[in-house]
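Peer 1: So that we are looking at the same thing, I have put the structure below in structure tokens.
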Ligand SMILES: [Zn+2]
């Protein structure tokens, strides 16, 4: 078995690993590099393997840093199957089309900027177009969790629940080579044990070789235990002032988790019932897909639904599809909760809500997700006195709060616990999908604790599994 790390090696994004095993050429994920000044260059670089010769692409989940370069594969001549769980396939359709739209917008903007300076701009092209993304969607094929999918004689794969986002999976590849059976496990992104809605990450029985994520390999989640109480206080205090609670949130995962927790607060009469606006077409699509897949819910969510509750579409929830409806919210003078994207306030409808509400002290801006360096969200979170939105300077008079406990990723202890749960430990573990410090810290901790071989590969490193 031969493996090459083609992305998310020594960094968090661009997940992509090339595997030759049992006579097949496989790709685990094909994600976009995001963040960092060299991201565009890395996304444009040729793949270090023959794209047209691939037999299968196996997708761990639909997040863009795992799926976002799939249209490029198609463009470069790969026409074979892309296998993911059924919910992953549905989510990937939504996310890839959105990504293509952003690529087109990005190229348009770049072109305009060059033309303004009187420079040649015809060479600027989007990484891929909406049309190209649509073409690759036909290659997506849905499989069931735990189903053994035969790729060829002696090579099979199973998708086990990773509990990270809807449809997320751990890939378990079983290969018979030279009379011996080898098992390669790719953790994908691992979720948080005990988090609502989805099941906990599956514990793997056996791995001979393991590729494991390390996003939070050196950190614990802050205020994970009292996140619901912090949410309750933010809602209660804002309603008391008669204000709006604005929550920038990612469309997939976080929005649905916040809805779930708000439903609990209302059901427990912990806060007054006020309208909750989900003002994001992508979040609405993601919520619809979640509603269509009750088979992935955990026992707690199933029990709520059996008891008559609707944790994602309770009576206070209003799905705001059109731009006109979204604009109407600016004139609303009653307390309410608005959940809108983008999660870091870099675009989307949240920017309009901030534009209209950030200078009024009755309102609250509540961050429930990570805010990247250089983003509008980060400036507000870090206490900027004033910020520029749509070319206009605004004083930040709204109250700013944050809750770090909501995360779709296992933290350091969660990752160690998942590794401890592997009954037959791997001969070697490679830590991917983490910043260098996080990956190195987790690699050292696990090597010492379990007396196993570990390493942190660099991009384009290769490894032979005997
Ligand atoms: Zn992910």
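Peer 1: Taking the Cα centre of each part, how many Å lie between the range 152-229 and the range 8-52?
Peer 2: Taking the Cα centre of each part, the range 152-229 and the range 8-52 sit 19 Å apart.
Peer 1: What do you get for the angle between helix 86-116 and the principal long axis of the chain? Use alpha-carbon atoms, 0 to 90 degrees, nearest ten.
Peer 2: 70
Peer 1: Assign one of three labels to the range 227-402, namely rounded, prolate or oblate, based on the Cα gyration tensor with a ≥ b ≥ c the square roots of its eigenvalues; rounded applies when a/c is under 1.5, prolate when it is not and a/b is larger than b/c, and oblate otherwise.
Peer 2: On the way: a/c = 1.79, a/b = 1.56, b/c = 1.15.
Verdict is prolate for the range 227-402.
Peer 1: Quick check: the distance between the Cα centres of the range 416-466 and the range 64-98, to the nearest angstrom?
Peer 2: Cα centres, the range 416-466 to the range 64-98: 27 Å.
Peer 1: Here's another thing I want to ask about it. Between residue 385 and residue 226, what FRET efficiency follows from the Cβ-Cβ distance if R0 is 25 Å, with the result rounded to 0.05? Mind dumping the intermediate values first?
Peer 2: Details: r = 29 Å, r/R0 = 1.14.
Given R0 = 25 Å and the Cβ-Cβ separation, E is 0.30.
Peer 1: I need to check one value: relative contact order of the chain, counting alpha carbon pairs closer than 8 Å and at least 6 residues apart, in percent. Display every interim value, and only then the final one.
Peer 2: On the way: 1023 pairs, mean separation 88.8, N = 466.
Value for the chain: 19 percent.
Peer 1: Once the piece of chain linking residue 102 and residue 116 is laid out straight, how much longer is it, given 0.36 nm per residue of separation minus the C-alpha distance between them? Could the numbers behind the result be given before it?
Peer 2: On the way: separation 14, 0.36 × 14 = 5.04 nm, distance 2.11 nm.
The span from residue 102 to residue 116 would gain 2.9 nm if fully extended.
Peer 1: Okay, moving on. Could you pull out which residues in the range 27-63 have an amide N less than 16 Å from a spot 7 Å beyond the Cα of residue 125, following the Cα-Cβ vector?
Peer 2: The answer is 41, 43-47, whose backbone nitrogens lie closer than 16 Å to the label point.
Peer 1: Could you tell me how many cubic angstrom of Cα convex hull volume the range 1-64 has per residue?
Peer 2: On the way: hull volume 5.6 nm³, N = 64.
So the per-residue Cα hull volume is 87 Å³.
Peer 1: Going out from 0 in 20 Å bins, what whole percent of all Cα-Cα distances in the chain drops into each bin?
Peer 2: In order of increasing distance, the bins hold 24, 56, 20, 1 percent.
Peer 1: Just to verify a number: FRET efficiency for residue 38 and residue 424, C-beta to C-beta distance, R0 = 60 Å, to 0.05? Mind dumping the intermediate values first?
Peer 2: Details: r = 39 Å, r/R0 = 0.66.
Calculated transfer efficiency: 0.95.
Peer 1: Same structure, new question: Determine, from the Cβ-Cβ distance of residue 321 and residue 453 and an R0 of 56 Å, the FRET efficiency 1/(1 + (r/R0)^6), rounded to the nearest 0.05. Working shown, then result.
Peer 2: Values: r = 52 Å, r/R0 = 0.93.
About 0.60, to the nearest 0.05.
Peer 1: Using only Cα atoms, find the angle between the long axis of helix 281-291 and the longest principal axis of the chain, and express it within 0 to 90 degrees, rounded to the nearest 10.
Peer 2: 60
Peer 1: While we're on this one: Determine the percent antiparallel among the DSSP beta bridges restricted to the range 227-402, to the nearest 5. Walk me through the numbers on the way to the answer.
Peer 2: Values: 4 of 22 bridges.
Antiparallel bridges: around 20 percent, rounded to the nearest 5.
Peer 1: Expressed as an acute angle from 0 to 90° and rounded to the nearest 10, what is the orientation of the C-alpha long axis of helix 227-241 relative to the principal long axis of the chain?
Peer 2: So the inclination is approximately 20 degrees.
Peer 1: Let me ask something additional. Restricting to bridges with both residues inside the range 1-119, how much of the DSSP beta-bridge set is antiparallel, in percent to the nearest 5?
Peer 2: Numbers: 10 of 15 bridges.
Taking every DSSP beta bridge within the range 1-119, about 65 percent pair in antiparallel fashion.
Peer 1: On alpha carbon coordinates alone, what is the Rg over Rh value for the range 42-172, Rh being the Kirkwood radius? Before the final figure, lay out the partial values.
Peer 2: Working: Rg = 17.0 Å, Rh = 16.0 Å.
With Rg and the Kirkwood Rh in hand, the quotient comes to 1.06.
Peer 1: Could I ask something else about it? Per DSSP H run of n ≥ 4, the term is -39500 (n - 2.57); total these for the chain, divide by its residue number, and report the mean residue ellipticity at 222 nm rounded to 500 deg cm²/dmol.
Peer 2: Details: 14 runs with 147 residues, N = 466.
Calculated at 222 nm, the ellipticity per residue is -9500 deg cm²/dmol.
Peer 1: Moving on. If you take every DSSP beta bridge whose two residues both sit in the chain, what share of them, in percent to the nearest 5, is antiparallel? Kindly include the intermediate steps, with their values, before the conclusion.
Peer 2: Details: 36 of 75 bridges.
Here the antiparallel bridges make up roughly 50 percent for the chain.
Peer 1: Explain nothing, just the number: relative contact order of the range 227-402, from Cα pairs under 8 Å at least 6 residues apart, as a whole percent.
Peer 2: For the range 227-402, the relative contact order is 31 percent.
Peer 1: Additional query: Take 355, 164 and order them by how many other Cβ atoms sit within 10 Å, fewest up front. Could the numbers behind the result be given before it?
Peer 2: On the way: 355 15, 164 27.
Taking fewest neighbouring Cβ atoms as first place, the list is 355, 164.
Since every read-out is calculated from the coordinates, none of them should be taken as a lab result. Only a predicted model underlies this, so the values are computations on that prediction, with no experimental measurement involved. In this analysis, Cβ positions are derived from the backbone assuming ideal geometry, glycine residues included, and neighbour counts consider all displayed protein chains.
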